[in-house]
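What follows is one structure encoded as structure tokens, with my remarks underneath.
The values are calculated or read from the model by the stated rules, or taken from the named source; none is laboratory data. Computed from a predicted structure; not experimentally measured. Glycine gets a Cβ as well: all are built from the backbone with ideal geometry, and neighbour counts include every protein chain shown.
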Amino acid sequence: MIVEGTVIKLGDRIDTDLIIPAKYLKYTDHQYLAQHVLEPVDPEFSKKASKGVIVVAGKLFGMGSSREQAAIALKAAGVKMILAESFARIFFRNAINNGLPVMVCPNISNVVREGDYVSADLSSGEILIPERGITVRCKELPDIVIRIVDAGGLIEYLRKLGR
Amino acid sequence: MYNGQTLTEKILSNASGRAVSPNDIVEVAVDLIGFHDLTGFHVIEIIENLSSGTPLNPEKLVIAFDHLVPPPDIRSAEIQRFVRDFAGKIKVLNFHDIGDGILHQILLERYVMPGYLVVGADSHTSTAGALGAFAQGMGATDVAATIITGRTWVSVPQPFKVVLRGSLKEWVTGKDVALEILKVFKADYFNGMSIEFYVENPSSFPMDYRATVANMGIEFNADSVLFIPDEETTNFLRVERGYEYRGKFLPDDNAEYVDEYTLELSKVDLLIAAPYSVDNVKSIRDVEGMEVDTVFIGSCTNGRLSDLEIAAKIMKGRKIRSRCVVIPASRKVFNKALELGYIQILVNAGCMVTFSTCGPCIGGHFGVAGPGEVVLSTSNRNFKGRMGSPDSKTYLSGPSVAAASAVLGRMAEPGDMP
């Protein structure tokens, strides 16, 4: 599975209170959540992401609460994939379960620039930046995870299996 | 030679039916599943979307309303009604409506056993590790799938051992130990690890303190935090539940850990975490004199009886200068604090004391922080905007610093009081 897009960069420790503040957690409507994603970091983020982007971030992306709305909001806003130096465990699972690919990529913040166009191969873990001829190695995703992501999330995957 | 197993490996081997090693991904049977109102409605939406007519496992399920208690707005009341109806429909026996307490405290008081595998739709499910359970918070989809199947998957974490040696100084509590660990290791270090705490002198580190440290386990970004069961665990189960625990969940003597760290409890000082990160740990002296607008004593981190006892000791016969909200973590804690006179003391000092709710910890209600305000809270997170306005500042501390600061109206230790 290949995912391509333009990069928006975020820093270390983007916590779930930043991704979607608690006051928005009383709803699960995807468009509502998308409007407020990362609001405290950049009120324009949702607009910027709407054309389809790849987020590159530092350490402990998604740390904090278990709120699944964090993964839902990012995906619904147009984030196609997140590449980070490390993830919080719960967020990583939530992203996969919602069909949002996430990969652990050591040192990626120092290599990838804002606005780079990248192409990511989930099975091999290779990230290409064609314009600059650079390849970044990430930790590849197991087949089962790629199948879940490809189906659009765990629920969709299980539904498919049931049929 | 046979390699012994850590407590983490024992529990996960038992739950998966095979001998596990770190980094294995294993399917496990789950003993207890918890959720509350704010995550619960999402879990139920997913269950209903996926499994119309599928039989569920209500006997393993514990539901407690705590985040939206009592409902601050119409939507919150709607959410609770939706969850309440679901609980009635599938006959959840362990259902705790508003006022019973915070989910994690109720799980400790009534349901968790050493060696259990606990999954909850809240990151602070880690609290159950205080009793020697392997407990993980998960998102709504994972929890919904666990309710439907009774199973989930986990990645077996790398085991790390922390030895707690000696005893704490006066006024220093479990919160300071959690902050000390964050000061030394920072919030990144334990990602992907399971921390097993061995308390050399069990009575020196009581269950309330263990619960605070295990609660903060998610702030260490650890996969799980477990206190190795000992006499304190057995005593707790006897006193709180009248249950004689004769269990077998202990690490083997030759268990292998990736590393080990010994903390001399007598060397731990009173600490605070400054905005906007839990590992931005400082001495009280570093913020001495800073005015505090509001103090919050409560939450699943520090709303237990020993926390209220410490606050009452400090506030006895005194008046507070900061605003102060006190929230016991459960009805049981509230009743006990009433009986022992702590509540009267706190009310006389000028605190607003209310029933169990998460309240201001998530910036929900009962004291949301306004722009520019300084909050000193005994809760677990000080991320930007966590307790209200993104322009407010939250400092975290244990109960003694919180109470002394409320009395003096500025950041202080109990020793600073006249």
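Some notes on this structure:
- When residues of the stretch B:365-397 are limited to those that are in a strand (DSSP E or B) and of a type in the set (Val, Ile, Thr), the one farthest from the other protein chains (Cβ to nearest Cβ): B:VAL374
- Of the listed requirements (1) of a type in the set (Gly, Ala, Ser); (2) out of contact with any Pro (no Cβ under 9 Å at 6 or more places or on another chain); (3) within 29 Å of B:SER21 (Cβ to Cβ), B:SER266 misses just one: (3).
- Boolean, B:SER400 is outside any loop (DSSP other than H, G, I, E, B), on the phi < 0 side of the Ramachandran plot and either more than 20 Å from the chain's Cα centre (by Cα) or among the hydroxyl-bearing types (Ser, Thr, Tyr) (or both): yes
- Scope the stretch B:12-65; condition part of a helix (DSSP H, G or I) and touching a His at 6+ places or on another chain (Cβ under 7 Å); matching residues: B:ASP37, B:LEU38
- All conditions but one from (1) in contact (Cβ under 8 Å) with a residue 40 or more places away in the chain; (2) within 17 Å of B:GLU170 (Cα to Cα) apply to B:CYS300; the one that does not is (2).
- Residue within the stretch B:197-207 that is closer than 25 Å to B:GLU413 by Cα, among the charged types (D, E, K, R) and either in contact with a helix residue (DSSP H, G or I) (Cβ under 6 Å, 6 or more places away or on another chain) or at pLDDT 95 or above (or both) present: no
- The sole residue among B:GLY129, B:GLY150, B:GLY139 that is over 16 Å from the mean Cα position of the chain (by Cα) and away from every other protein chain (no Cβ under 14 Å) is B:GLY150.
- Condition check for B:ALA311: surrounded by 20 or more Cβ atoms within 10 Å (Cβ to Cβ) and at pLDDT 95 or above: yes
- Note on the stretch B:66-75: residues that are more than 13 Å from every other protein chain (Cβ to nearest Cβ) and either part of a helix (DSSP H, G or I) or surrounded by fewer than 17 Cβ atoms within 10 Å (Cβ to Cβ) (or both) total 1.
- Residue ID - nearest to the chain's Cα centre (by Cα), chosen from residues in the stretch A:63-80 that are surrounded by 24 or more Cβ atoms within 10 Å (Cβ to Cβ) and farther than 19 Å from B:HIS42 by Cβ: A:VAL79
- Residue check for B:ALA178: within 25 Å of B:SER299 (Cβ to Cβ), away from chain A (no Cβ under 11 Å), buried (at least 24 other Cβ atoms within 10 Å of the Cβ) and aliphatic (A, V, I, L, M): yes
- Flag for A:ARG137 being surrounded by fewer than 17 Cβ atoms within 10 Å (Cβ to Cβ), on the phi < 0 side of the Ramachandran plot and away from chain B (no Cβ under 14 Å): yes
Okay, residues lined up against (1) modelled with pLDDT under 95; (2) over 20 Å from A:THR28 (Cα atoms):
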| residue | (1), (2) |
| --- | --- |
| B:PRO22 | no, yes |
| B:LEU38 | no, no |
| B:HIS42 | no, no |
| B:GLU48 | yes, no |
| B:ASN57 | yes, yes |
| B:LEU61 | no, yes |
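- Screening the candidates A:SER123, A:SER86, A:SER119, A:SER109 for the property of being under 15 Å from the mean Cα position of the chain (by Cα), over 18 Å from A:ASP15 (Cβ atoms) and polar (S, T, N, Q) yields one hit, A:SER119.
- Within the stretch B:76-127, being among the acidic types (Asp, Glu) and either closer than 26 Å to B:GLY298 by Cβ or surrounded by 24 or more Cβ atoms within 10 Å (Cβ to Cβ) (or both) holds for B:GLU78, B:ASP97, B:ASP100, B:GLU109, B:ASP122.
- Residues located in the stretch B:395-418, provided they are more than 24 Å from B:LEU305 (Cβ to Cβ) and at pLDDT 95 or above: B:LEU408, B:GLY409, B:ARG410, B:MET411, B:ASP416
- Given (1) closer than 27 Å to B:GLU339 by Cβ; (2) surrounded by fewer than 18 Cβ atoms within 10 Å (Cβ to Cβ), index of the condition B:ARG285 fails: (1)
- Looking across the stretch B:257-273, the residues that are touching a strand residue (DSSP E or B) at 6+ places or on another chain (Cβ under 7 Å) and surrounded by fewer than 18 Cβ atoms within 10 Å (Cβ to Cβ) come down to B:VAL258, B:ASP259, B:GLU260, B:TYR261, B:THR262, B:LEU263, B:GLU264, B:ASP269.
- Condition check for A:LYS160: out of contact with any Phe, Trp or Tyr (no Cβ under 6 Å at 6 or more places or on another chain), basic (Lys, Arg), surrounded by fewer than 18 Cβ atoms within 10 Å (Cβ to Cβ) and part of a helix (DSSP H, G or I): yes
- Screening the candidates B:LYS332, B:LYS384 for the property of being among the basic types (Lys, Arg) and at pLDDT below 95 yields one hit, B:LYS384.
- Of all residues making up the stretch B:403-418, the number that are more than 17 Å from B:ILE345 (Cβ to Cβ) and not in a helix (DSSP H, G or I): 6
- As a summary of the residue check, B:MET216 satisfies the conditions (1) out of contact with any strand residue (DSSP E or B) (no Cβ under 9 Å at 6 or more places or on another chain); (2) crowded, with 20+ Cβ neighbours inside 10 Å; (3) assigned to a helix (DSSP H, G or I); (4) not basic (Lys, Arg) except for the one numbered (1).
- Close Cβ contacts (under 8 Å, 6 or more residues apart or on different chains) running from residues in the stretch B:326-355 that are in a loop (DSSP other than H, G, I, E, B) to residues that are charged (D, E, K, R) and surrounded by fewer than 23 Cβ atoms within 10 Å (Cβ to Cβ) comprise B:LEU340/B:GLU309; B:GLY350/B:LYS319; B:PHE355/B:ARG331.
- Selection status of A:ILE144, β-branched (Val, Ile, Thr), more than 12 Å from every other protein chain (Cβ to nearest Cβ) and free of Cβ contacts under 8 Å to residues at least 60 places away in the same chain: no
- In the stretch B:76-126, residue farthest from B:ALA211 (Cα to Cα) [restricted to those that are more than 14 Å from chain A (Cβ to nearest Cβ) and under 13 Å from the mean Cα position of the chain (by Cα)]: B:GLY101
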